[in-house]
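Derivation of every value follows stated rules applied to the coordinates shown; laboratory data play no part. Keep in mind the model is a prediction, meaning the values are calculated, not measured. Here the Cβ positions follow ideal geometry from the backbone for every residue, glycine too, while neighbour counts run over all protein chains shown.
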Amino acid sequence: MLPKFDEMLTQLVGEPSVSSTTPEIDRSNLRVIEHLANWLDDLGFETHLMTLPDAPHKANLVATSGSGEGGLVLAGHTDTVPFDESKWQTDPFTVTERDDRLYGLGTCDMKGFFPVAIEAASTFDAKKLNAPLTIVATSDEESSMAGARHLAQSGTPKADYAIIGEPTGLKPIYAHKGIAFMSIGLQGASGHSSNPDLGCNALDSMHKVMGELIAFRQELAQEFTNPAFEVQVPTMNLGCMHAGDSPNRICSHAELQIDMRLLPGMDTDTIIERLQERLQQVIKHCGTSLTLNTHYPPVPPFETDIQGDLVQLLAMQSGNAPGTVAFGTEGHFLQSLGMETAIFGPGSIDQAHQPNEYLAREQIAPAEEILRQVIARYCVG
Ligand SMILES: [Zn+2]
């Protein structure tokens with residue numbers, strides 16, 4: 001017997017699955033995956049655990065009901081962001097209901113999507129599906145996106161359509177920007193501040209680098225715009241800098257971290273190469289050496305046709321016009337497997353990545369009903 005919605009959500013939220021590039025707080029997602037696999041197994045899904053090659057404590061789940069060509073994927077991530085317990089009014093790992101809101105870490109982003117998808121799927125008899133329905137649960141979306149990258153590399157899953165159930169307030173999302181976090185390091189040489197010739201000042205070089213970054217940002221904004229976005233141009237934020245140790249020492253090392261968000265249609269690798277060349281050029285005569293590293297592989301921008309069948313179906317079913325969002329998703333990776341992919345799920349991104357995260361109960365039933373309509377269209381036909 002499939003547990004009730006609240007029971008499923010309670011079990012999923014009760015399994016800590018923070019993902020982080022900081023190893024001390026990074027957790028396995030296997031317990032979340034096991035719950036999902038058990039429930040889906042009971043519903044007659046064929047469940048397949050994909051352990052990540054470099055991380056035996058992390059896995060994706062691919063669970064399929066029915067067979068044939070085409071079909072639909074309902075996908076979500078099993079991990080959550082880290083949390084600040086002191087700012088929570090309830091236990092983040094216990095689902096607590098108050099004022100028709102279900103509070104708990106990951107309730108809206110996005111463990112809550114799984115019981116929605118599973119309940120919607122449970123109303124269909126596998127024998128009546130003439131195209132496969134696949135539920136996918138990934139790892140590490142909030143950190144490296146290693147789970148989705150692994151899916152893309154493995155060529156799994158295959159279907160015609162995919163919905164990623166991130167919290168969009170039941171609005172179909174057809175595009176978002178890409179995200180690249182980068183560190184720019186400058187290595188010079190220290191020396192006594194009284195004579196500049198005794199060293200090579202990394203902060204002097206950084207001044208040139210920052211000027212060039214701001215110039216590059218302005219050029220990109222002139223070259224690329226997309227009126228579908230609230231911020232219509234690609235952005236670059238100079239976020240933090242660490243450099244030097246004393247006013248009377250020549251600064252030998254400086255590091256600047258930036259966040260670049262590119263529009264759909266921009267090729268991330270090409271832009272980063274262009275950036276690197278320009279920075280190397282601008283410090284050529286400084287005597288410092290420059291390194292540019294991405295924190296983890298960038299998340300590419302995502303866009304699908306606003307007139308696509310799935311986007312239009314979700315718009316019609318929800319009564320919400322298709323739109324864009326400012327956050328990144330696994331959209332690019334599922335799309336690269338050949339599926340028309342849309343982002344659509346219950347809950348609001350405003351509550352995600354925050355203390356006292358919650359899923360509004362009123363979103364659950366409409367989300368399930370819409371998913372049932374989509375399953376009926378693409379898997380029952
Ligand atoms: Zn999310």
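Kirkwood's formula applied to the C-alpha pairs of the range 20-144 gives a hydrodynamic radius of 15.8 angstrom.
Computed from backbone phi, the HN-Hα couplings of the range 284-301 come to 3, 9, 8, x, 8, 10, 10, 10, 10, 10, 8, 5, 8, x, x, 8, x, x Hz, rounded to whole numbers (Karplus: 6.51 cos²θ - 1.76 cosθ + 1.60, θ = phi - 60°; Gly and Pro given as x). Note on the range 244-381: with charges restricted to the Cβ of Lys and Arg (+1) and Asp and Glu (-1), its dipole about the Cα centre is near 300 debye. A cut-off under 12 angstrom between Cβ atoms defines the neighbours of Gly165, and their net charge, with Lys, Arg +1 and Asp, Glu -1, is -4.
Counting Lys and Arg as +1 and Asp and Glu as -1 over every other residue whose Cβ lies under 15 Å from the Cβ of Asp309, the net charge comes to -2.
Can you list, largest first and rounded to whole Å, the semi-axes you get for the chain by taking the square root of 5 times each eigenvalue of its Cα gyration tensor?
They are 43, 23, 18 Å, listed from largest to smallest.
Residues considered: Thr22, Thr134, Thr291. Largest GNM mean-square fluctuation over the chain, using C-alpha springs under 10 Å, is found at Thr22. Within the shell of other residues whose beta carbon sits under 10 angstrom from the beta carbon of Val18, the net charge comes to -2, with Lys and Arg scored +1 and Asp and Glu -1. Over what distance in Å are the Cα centres of the range 154-204 and the range 1-69 separated? Here the two parts' Cα centres lie 28 Å apart. Counting only DSSP beta bridges whose two residues both lie in the chain, roughly 70 percent are antiparallel.
Considering only Thr138, Thr156, Thr270, the mean-square fluctuation computed in a Gaussian network model of the chain, springs between alpha carbons under 10 angstrom, is largest for Thr270. Across the options Pro322, Leu213, Thr156, the greatest Cα extent toward the positive end of the charge dipole of the chain (unit charges at beta carbon of Lys, Arg, Asp, Glu) belongs to Leu213.
Out of the trypsin sites (Lys or Arg not before Pro) in the range 250-340, which ones are loop residues according to DSSP with at most 16 other C-beta atoms within 10 Å? Sites meeting the loop and neighbour criteria: Lys284. Amide hydrogen proximity for Glu97: with H placed 1.01 Å from N in the peptide plane, the residues at 5 or more positions away or on another chain lying under 5 Å are Tyr103.
In order along the range 26-32, the phi-based Karplus estimate (6.51 cos²θ - 1.76 cosθ + 1.60, θ = phi - 60°) of 3J(HN,Hα) comes to 6, 10, 5, 9, 5, 5, 5 Hz; Gly and Pro are listed as x. Report summary: the helix-based calculation at 222 nm, which adds -39500 (n - 2.57) for every DSSP H run with n ≥ 4 and divides by the residues of the chain, gives -8500 deg cm²/dmol. Computed about the Cα centre, the dipole magnitude for the chain is approximately 440 debye when only Lys and Arg (+1) and Asp and Glu (-1) carry charge, each at its Cβ. Using the average count of surrounding beta-carbon atoms within 10 Å as a protection proxy, the listed peptides 299-307, 70-78 rank, highest first, as 70-78, 299-307.
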